[in-house]
Amino acid sequence: MRVFFAAPADDWTEWSDALRAACPEMQLSRDGDPADFDAVIYAPGYPEDGSALDFGAFANARIVQSLRAGVERITTNPTLTQPLCRMVDPGLAQGMVEYCTGWTLRCHLGMDALAQDGIWRGDAIPPLASSRKVTVLGLGEMGGAVARTLKTLGFDVTGWSASGRPVEGIEVMGAADLPRALDRAEVLICLLPDTPATRGLLNRETLSLLPRNATLINAGRGSLIVEDDLLAALDTGRPGHAVLDVFATEPLPAAHPFWSHPAITVTPHVAAATRASSAAEVVAMNLRRAMAGQPLMYLVDRNRGY
Ligand code: NDP
Ligand code: OXD
């Protein structure tokens, strides 16, 4: 099987050996006549000159496999007619669980306020998880795993998704219930993809529905939040603190007000990384399925955009 690696040079360094080890029958290449390739592995940032990739030239490719979970950078590429599969990998989900659980616990327990400052605050007993209401927006591979973990820790977890599809052990609200989902969210965890339907979903009106002093954690995509509206909302205490891993513009510009805001914690889009060591097996499995004409895993629905 001939596979074209349509990803930036850094990805080649990270992935090529792992992919070849996971799929020895693959001939992986970064150049050649596009029509000669049976499959394309893609990551954002390719081509490196900033132009849009012409998927139409890969006339014989049976699959485009993304190395990232979020596929918003290619779903609207009109030349892409091949089946597009996104990255779903246990290592990615585990990273997201650890990031969201870590920040939820830190905010829930008020760890920063309790940190040693020379004052003995013996009456500042931290609350138990069962007294904390958490809402998770987006209950897919990431949100579902995060919601289940927080539930296991004892948090009072509710989820919200487009379909309202059941998730074992979690109360799930559907699209029309957003106001109810926000109204209860002492901790709001956002793990939604970037699509036309999610862009700007958290704005002046919806943020005002949060409880006072709520914690907002966004590790999905920055486009979810109207950034000026978040700055205004923090002044009202709804939310009281925001932990943001993703932004409208990345890297976050040096002069951006989020960096110095006392109620905002910025992390540099590191909540969950796709690690070649585990994810190469996922890629190999899907490429083999494509070559055998079997159903593909993690197919993107181009109409929904995720
Ligand atoms: P999935 O496609 O598995 O899940 C997406 C979830 O969002 C589904 O529950 C879906 O609902 C819900 N959803 C989508 N659109 C809407 C909408 N308009 N209204 C309500 N719910 C909606 O994605 P993953 O869980 O794998 O990943 C989520 C996102 O996380 C990725 O798209 C990516 O952008 C981001 N990400 C960020 C990383 C980081 O390091 N910060 C790392 C990896 C991913 P339904 O179940 O009904 O379809
Ligand atoms: C992804 C990401 O989409 O890293 O995989 O954000």
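Just want to confirm a number: the relative contact order over the chain, from Cα pairs under 8 angstrom separated by 6+ residues, in percent.
Worked out over the chain, it gives 18 percent.
Quickly work out the T79-to-R30 label distance, labels modelled 7 Å from Cα along the C-beta direction, and quote it in nm with one decimal.
1.9 nm
Would any residue of the range 19-53 have its amide N under 11 Å from a label point 7 Å out along Cα→Cβ of N60? List them or say none.
33-39
Dipole of the chain, Cα-centred, from +1 at each Lys and Arg C-beta and -1 at each Asp and Glu C-beta, to the nearest 20 debye?
It comes to approximately 820 debye.
Where the accessible area of the chain is counted over protein heavy atoms with a 1.4 Å probe, how much of it, in %, is carbon and sulfur?
With neighbouring chains kept in place, the figure for the chain is 53 percent.
Per residue, how many Å² of accessible area does the range 1-157 show with a 1.4 Å probe?
Per-residue value: 48 Å².
Please determine, in degrees from 0 to 90 and to the nearest 10, the orientation of helix 227-236 with respect to the longest principal axis defined by the Cα atoms of the chain, where the helix direction is its Cα long axis.
20 degrees
Where does the chain land on the Kirkwood hydrodynamic radius, alpha-carbon pairs, in angstrom?
20.8 Å is the Kirkwood radius here.
Calculate how many DSSP beta bridges within the range 91-266 are antiparallel, expressed in % of all such bridges and rounded to the nearest 5.
Taking every DSSP beta bridge with both residues in the range 91-266, the antiparallel ones total about 5 percent.
Where both partners of a DSSP beta bridge lie in the chain, what percent of those bridges are antiparallel, to the nearest 5?
5 percent
Express the accessible area of the range 250-296 per residue in Å², computed with a 1.4 Å probe while the remaining protein chains stay in the model.
Counting only protein heavy atoms, the per-residue value for the range 250-296 is 53 Å².
Provide the gained length on full extension for the span W120 to D301, in nm with one decimal, where the gain is 0.36 nm per separating residue minus the Cα-Cα distance.
Length gained between W120 and D301: 59.6 nm.
What net charge do the residues around A292 carry, taking every other residue with its C-beta under 15 Å from that of A292, with Lys and Arg at +1 and Asp and Glu at -1?
Its environment carries a net charge of +1.
Taking the Cα centre of the range 91-266 as origin and charging only Cβ (+1 Lys, Arg; -1 Asp, Glu), how large is the dipole, in debye to the nearest 20?
About 320 debye.
Using only DSSP helix segments of four residues or longer, with each worth -39500 (n - 2.57), what per-residue ellipticity at 222 nm results for the chain after dividing by its residue count and rounding to 500?
-8500 deg cm²/dmol, from helical runs alone.
How much solvent-accessible surface does D156 expose, in Å² to the nearest 10, with a 1.4 Å probe and all protein chains in place?
60 Å²
Hey, got a sec? Which GluC sites (Glu not before Pro) in the range 1-74 land in a DSSP loop and have at most 13 other Cβ atoms within 10 Å?
E25, E48
Which order do the peptides 59-66, 187-194 come out in when sorted by mean C-beta neighbours inside 10 angstrom, highest first?
In descending order of packing, they fall as 187-194, 59-66.
What order, most packed first, do the peptides 170-178, 39-47 have when packing is the mean number of other Cβ atoms within 10 Å of each residue?
39-47, 170-178
Sort 105-114, 159-168 by packing, meaning the average of other beta carbons within 10 Å per residue, with the highest value first.
Ranking the peptides 105-114, 159-168 by packing returns 159-168, 105-114.
Put +1 on the Cβ of each Lys and Arg and -1 on the Cβ of each Asp and Glu in the chain; which of G95, L153, G70 then has its Cα farthest toward the positive end of the dipole?
The listed residue farthest towards the positive side: L153.
Which loop trypsin sites (Lys or Arg not before Pro) in the range 177-275, with loop taken from DSSP, have no more than 10 other Cβ atoms within 10 angstrom of their Cβ?
R212
The values are calculated or read from the model by the stated rules, or taken from the named source; none is laboratory data. The shown structure was predicted, so the numbers you read here are calculated from the model rather than taken from an experiment. Positions of Cβ are generated from backbone atoms using ideal geometry, with glycine treated the same way; all protein chains shown enter the neighbour counts. With ligands, DNA and RNA removed, areas are computed over all heavy atoms of the protein, side chains included. Shrake-Rupley method; radii C 1.70, N 1.55, O 1.52, S 1.80 Å.
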